[in-house]
Amino acid sequence: MEERNSIVEDIKGKEIDLKYNKNEILDNIINKQKSSIWIYEIFKRKNYVHDKFFNYDIDLLKESFEKLNCLNDEKTIEPKSASLKFNGIKYEIIDEVYGDKVKKDELFNKIEEAIQYGKVKVNIGEVNCYEKPIYTSNSLELIEAKKICDKYVSSKIVYTFDEATETVDRGVISSWITIDENLNARIDKEKIKEYVQELSRKYDTYGKTRIFATSVGKEVEVKGGNYGFRIDKDKEYTELINAIESGQSIVKEPVYIQKAKNRGDNDIGKTYVEVNITRQQLWFYKDGELVTRGSVVTGNVERGWKTPNGTYVLNYKQKDAVLRGDNYASKVKYWMPFNGNIGLHDASWRGAFGGNVYKNDGTHGCVNLPSYLAKKIFDNIEEGTPIICYTE
């Protein structure tokens with residue numbers, strides 16, 4: 001048997017009790033002759049075909065066959081399809097490996113056939129008894145997969161977070177590409193989700209705990225609220241996939257549900273409203289300058305309506321609103337909501353602000369302001385301004 005790499009193995013006739021089947025062949029030839037036409041055939045050349053020139057012991061053949069080195073799994077090199085490998089810049093084709101694994105049953109049949117017809121050799125490659133790689137370096141499927149992968153890694157997405165940046169380049173993208181056994185190249189969408197989630201964890205400040213320097217000279221810890229940067233993870237996930245699949249090179253901000261005024265450790269900035277619940281005092285700063293300050297009344301503690309601590313964002317401002325709740329409707333001139341139905345507003349019906357009024361005669365959660373204070377804030381504040389509510 002002729003094998004790859006110039007290897008030759010043999011099965012000797014004596015190993016399988018091989019015998020020439022002379023008598024059966026002659027009998028077969030004689031039986032096929034027609035005595036009535038011998039005189040016409042005597043001067044013609046005649047070839048006789050017989051399907052079994054030799055007899056052998058099939059069990060001995062199987063035994064010798066199983067001893068062939070080409071069937072030894074420990075020595076066999078498996079065929080391997082051509083593949084793609086990222087070289088740091090683009091994808092390169094890694095050639096297929098043909099190996100030397102044989103198709104066992106088919107090879108046995110070819111050996112039997114060779115013996116029966118008196119052939120002395122079988123070339124395993126010529127009789128097509130080697131396993132083949134599914135894809136070669138010339139396979140259209142591989143060439144198309146390379147084209148797709150090269151397009152993906154040509155993308156470059158730079159996210160900006162003011163001074164900080166995060167870059168999704170070919171090195172990152174290549175780690176997100178998967179190529180299945182059928183050479184379908186895809187972006188691993190779970191890894192995209194993980195990346196966007198990591199951006200959110202790193203750069204979102206929505207609802208985080210902040211150390212706030214108060215107007216009375218103390219630092220307080222302010223937990224919760226609805227202020228801060230908040231990436232829209234679903235939309236950014238979609239945008240990132242589209243950018244990679246279309247091979248874009250772009251500089252962008254992530255898609256935000258909400259943005260804060262500033263980046264950095266102090267994302268509140270220098271324009272904000274400060275509500276000290278303990279002292280029932282409010283300060284409004286704009287660009288670092290005090291615009292106004294005054295006494296307020298916050299949520300009724302005794303009835304469980306305490307104004308919640310947290311860093312919030314002014315949703316909008318509205319003139320001449322009617323605030324409605326269970327069994328009440330209050331007309332106000334200046335309405336500035338920041339936490340659901342809780343907001344800043346004037347309370348012309350009140351005769352006193354500040355002190356301990358809030359403890360048993362406080363609001364449903366809103367921050368009541370004297371009219372002058374409400375007007376001053378309303379005239380100078382903008383949507384999106386942070387509002388910090390805290391207790392000492």
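Below, the figures for the structure above:
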quantity: Sole residue being of a type in the set (S, T, N, Q), closer than 24 Å to F212 by Cα and in contact with a helix residue (DSSP H, G or I) (Cβ under 6 Å, 6 or more places away or on another chain), chosen from T278, T307, T298; calculated: T298
quantity: Subset of region 294-314 [outside any strand (DSSP E or B) and either buried (at least 18 other Cβ atoms within 10 Å of the Cβ) or of a type outside the set (F, W, Y) (or both)]; calculated: V296, T298, N300, V301, E302, R303, G304, K306, T307, P308, N309, L314
quantity: Residue check, W349 more than 16 Å from I381 (Cα to Cα) and of a type outside the set (V, I, T); calculated: yes
quantity: Some residue of region 43-58 being touching a helix residue (DSSP H, G or I) at 6+ places or on another chain (Cβ under 9 Å) and at pLDDT 90 or above; calculated: yes
quantity: Cross-chain or 6+ apart pairs with Cβ under 8 Å, region 7-21 first and among the charged types (D, E, K, R), then in a loop (DSSP other than H, G, I, E, B); calculated: E9/M1; E9/E3; E9/L68; D10/M1; D17/Y56; D17/D57; K19/Y56
quantity: Region 118-141 - residue that is within 23 Å of C70 (Cβ to Cβ) and among the acidic types (D, E) and, of those, surrounded by the most Cβ atoms within 10 Å (Cβ to Cβ); calculated: E131
quantity: Lone qualifier among N266, N262, N276 - being crowded, with 16+ Cβ neighbours inside 10 Å and modelled with pLDDT under 95; calculated: N262
quantity: Residue within region 329-337 that is surrounded by fewer than 22 Cβ atoms within 10 Å (Cβ to Cβ) and in a loop (DSSP other than H, G, I, E, B) present; calculated: no
quantity: Selection status of V122, of a type in the set (A, V, I, L, M, F, W, C), without any contact (Cβ under 8 Å) to a residue 40 or more places away in the chain and within 18 Å of E3 (Cα to Cα); calculated: no
quantity: Residue that is surrounded by fewer than 17 Cβ atoms within 10 Å (Cβ to Cβ), touching a residue at least 12 places away in the same chain (Cβ under 8 Å) and within 30 Å of P337 (Cα to Cα), where the choices are D188, D232; calculated: D232
quantity: Residue within region 346-357 that is under 50 Å from the mean Cα position of the chain (by Cα) and in a strand (DSSP E or B) present; calculated: no
quantity: E245 surrounded by 15 or more Cβ atoms within 10 Å (Cβ to Cβ), within 20 Å of the chain's Cα centre (by Cα) and either farther than 30 Å from D326 by Cα or at pLDDT 95 or above (or both); calculated: no
quantity: Residues of region 164-209 satisfying the condition of being within 22 Å of D150 (Cα to Cα) and hydrophobic (A, V, I, L, M, F, W, C); calculated: V168, V172, I173, W176, I177, I179, L183, A185, I187, I192
quantity: Residue check, E78 surrounded by fewer than 16 Cβ atoms within 10 Å (Cβ to Cβ), more than 49 Å from the chain's Cα centre (by Cα) and farther than 19 Å from I143 by Cβ; calculated: no
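The values are calculated or read from the model by the stated rules, or taken from the named source; none is laboratory data. Values in this document were obtained by computation on a predicted structure and should not be read as measured data. Glycine gets a Cβ as well: all are built from the backbone with ideal geometry, and neighbour counts include every protein chain shown.
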